[in-house]
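Take a look at the structure set out below.
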Amino acid sequence: MLGGGGLVAANVYASATESGTPQQTSWGAVTIDCPDVGDTLTNVPDGSRAEVDQELARLDQQIAEAYQQLQDPSIQDRDAAQSRIVDPLQQNRAATIERIGAALQRSGEQPQGLGEMAGCTLRQTDNQNGGGQGDQQGEGQNQQGQGDQQNGGQDQGGQGQDGQQQGGQQGGQQQGNGGQAGNGPVAADYADINSAPPAAQAPPAQGDASRGTFVTSCGVNANGLFNSDNVIVAPGVSNGAHHFHDYIGNQSNTAFASDQDLANAQTSCVDQGDKSTYYWPVIRLQNGTQEQDAAKPGGGIEGNAGKIVTPKEVTLKFVGNPRSKVTAMPRLLRIITGDAKAFVNGPANANASWSCTGFEDRQLKDKYPLCPQGSDVVRTFKFQSCWDGRNIDSANHRTHVAFAQNDGTCPNGFKAIPQLVQRIVYDVDAPSLNDGGRTTPLFAVDSFPEQLHKPVTDHGDFINVFDENLMNDMVGCINDGRQCGVGTGQDDPGNGDNGNNNGGDDGNNNGGDNGGDNGQNGGGQNGGGQNGGDTGNGTDPTPGDGNDGGNGNGAEENPGNGGDPQQQPAPATEAPAGDQTTAPADNQPKTYSSPTAHSTSAPDTTNADGSDDEPTNQPAESSRPDPQDDTATTEPAAVAQPPVAAQPAPQGDQGSLAETGTQLWPGAIGAILLIAGFVLLRRTSRRSM
């Protein structure tokens, strides 16, 4: 387990002062609350998108700078902060919003009410004593719980009250603003996982449900691919996120990556047909460590400080719809789940889920979990599973996709697509709240500086860069009710995995130690394939399917356990049979495609006959025993065999031992008959003498 002792903790408070990072004001703990202009823009014409995105990024930069100015020791009271910081901020925002309106008007839009969004307020926070904002956040939690239930997610309604009580009891024990950079987290941001009520069950599968799952395995970002860009929200803008992201999958994701750059990139995924990009805010330990970005924008300058923690395990699972078949995601579809600004925006778009291994039937929405010893912290992201059938993005990056309704059906005009369920596990200890993390350091997600590292701001981003054939295989697998993909641990036996003795969570505390540690046990049947998965929590659309286990991918995260995934033999290319539902035809309208630095449309990779020139690596079809069938557990899972060419010969170019024996037996029998003939001839000769 990761932890921090007294010596390290002493550096937390020293570094917060010496590095020039923000400190709590002398007159209280406050943040800046400004309306989110970008979230209200639901229609931005193509001709003005680039300009509007630049101006929206400018608004974020203005808020970040104003928040940093709040730490000026010469500002002694709220009146001084209002006149010297908030008033100039509002003037700058008004000018920026006016430019946004002008850009929209040049493209034929008539924006309404934008001018009213320039105003900002100084907002008291709970960062000093655990009170105040905790009440409001608790109410928001109840609202979010109801929203999740409507979306078929994991309901956490009512946790706000428990979290409020927890914060009230613990917050007063921690003095100051908390955290290495002085802007959070604080004791009130944490809650015992046992205080969380059980999550709501997903709608039962019925009718024409798509019951299968598809797992892809892309590592844990052990190679340290980070930046503070966001190519979805702020294309062409450096530091558009104002916090660091972990990246797995596509290795070319920066603010300046075009669609073609993403299509041509390398990938950390085992199946090279998946060049999708998966990213999320990093988690840091507030232990005084000076990371690579300690004095840079997006890092320490903006209050994101401390040791970046590499995930212990990342599982990327695509599941079906409880009421209908799914259709293929369009290439380059963008999806954001959660809200990076939920602390000031409110919970309407929040979708954070925090838990602990062994307790994943309980989910916290606005608190970090305090996990018991031996249990790991878990972040779960359930992405939107309904698509409008036309757009790969939208002006506010939300309206082109939606969550399923309470009964599992998609809203009118939307169609079901495979739902990405992302599970990230961290080996971090529960922090010591009674001394503000001095003994065992606090942990928190990176955030916009004014969001104060609140857990409700957690979010995930995804861009679909699946090979078309592999996407169709995914759809067929899910619609046929099968479990497929290299990430199941069954398609690549013996390659090792990045489970690190994790092996998935089977509803018990840690899910066993069969997780293929450093490739010794392999990532196949023991590496979180048969035995992995959340079989005990019932919160997934397909509970107990065993696909949340160790990734079994033999990727670069564990040197010596199978090598770099880009150099691995390709999986078997036999495509699973079934419904090969595809994306809309090229002549179907796509009224909004995401702007990028160099391109605004998806690259055309198809020939006139509809075939795809891109090389594809299809996962082998696999099957496994039904986890609900007691008799199935005694039978090994059927493993699709890789091509013979991918298997090294035992000795040079010679065949196997069985093949050698097959070739030698005819000769051996002939020799025996010849010897017998000689013996018989000799005996006959003796008798005649």
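The values are calculated or read from the model by the stated rules, or taken from the named source; none is laboratory data. Just so it is clear, the model here is predicted, and its values are computed rather than measured. Neighbour counts run over all protein chains shown; Cβ positions are idealised from the backbone, glycine included. Ligands, DNA and RNA are excluded from the accessible area calculation, which covers all protein heavy atoms including side chains. Shrake-Rupley method; radii C 1.70, N 1.55, O 1.52, S 1.80 Å.
Taking label points 7 Å from Cα along the Cα-to-Cβ direction, Asp435 and Asp87 give a separation of 4.6 nm. Ordered from largest to smallest accessible area (heavy atoms of protein chains, 1.4 Å probe), the residues Ser353, Ser83 come out as Ser83, Ser353.
Evaluate E = 1/(1 + (r/R0)^6) for Glu98 and Ser238, where r is the Cβ-Cβ distance and R0 equals 25 Å; express this FRET efficiency to the nearest 0.05. Working from the Cβ atoms, E equals 0.55. Among the listed pairs Lys307/Lys382; Lys307/Lys415; Lys312/Lys415; Lys296/Lys317; Lys312/Lys454; Lys325/Lys367, which are separated by more than 32 Å between their Cα atoms? Listed pairs above 32 Å: Lys307/Lys415; Lys312/Lys415; Lys296/Lys317; Lys325/Lys367. With the simple spin-label model, which puts each label point 7 Å out from Cα in the Cβ direction, the Asn43 to Gln201 separation comes to 4.3 nm. Counting only protein heavy atoms and using a 1.4 Å probe, the accessible area of Val445 comes to about 0 Å². Per residue, the stretch 235-392 exposes an accessible area of 22 Å² to a 1.4 Å probe, with every protein chain left in place.
So what J values fall out for the stretch 237-242 if you push phi through Karplus, 6.51 cos²θ - 1.76 cosθ + 1.60 with θ = phi - 60°, rounded to Hz, Gly and Pro as x? Listing the rounded values in order: 10, 5, 6, x, 8, 6 Hz. Note on the stretch 308-330 and the stretch 36-104: Cα centroid distance 35 Å, given to the nearest whole angstrom.
Can you give me the accessible area per residue for the stretch 191-230, using a 1.4 Å probe, in Å²?
On the way: 1390 Å² over 40 residues.
Counting only protein heavy atoms, the per-residue value for the stretch 191-230 is 35 Å².
Of the accessible area of the stretch 204-357, computed with a 1.4 Å probe over protein heavy atoms only, carbon and sulfur atoms account for 49 percent.
Relative contact order for the stretch 247-318 using alpha-carbon pairs under 8 Å, separation at least 6, rounded to a whole percent? Dividing the mean separation by the residue count of the stretch 247-318 yields 25 percent.
Amide hydrogen proximity for Tyr190: with H placed 1.01 Å from N in the peptide plane, the residues at 5 or more positions away or on another chain lying under 5 Å are Tyr368.
Assuming R0 = 35 Å, can you tell me the calculated FRET efficiency for the pair Gln266 and Lys296, based on Cβ-Cβ distance, to the nearest 0.05?
Details: r = 25 Å, r/R0 = 0.71.
So the FRET efficiency works out to roughly 0.90.
Think of the stretch 272-354 as a dipole: +1 on every Lys or Arg Cβ, -1 on every Asp or Glu Cβ, centred on the Cα centre; then among Val309, Gln272, Thr337, Gln272 lies furthest on the positive end. Among the protein heavy atoms, those of Glu468 account for about 70 Å² of accessible surface (1.4 Å probe, every chain in place).
Pop the C-beta distance of Gln124 and Asn412 into the FRET formula with R0 = 56 Å and round what comes out to the nearest 0.05.
0.85
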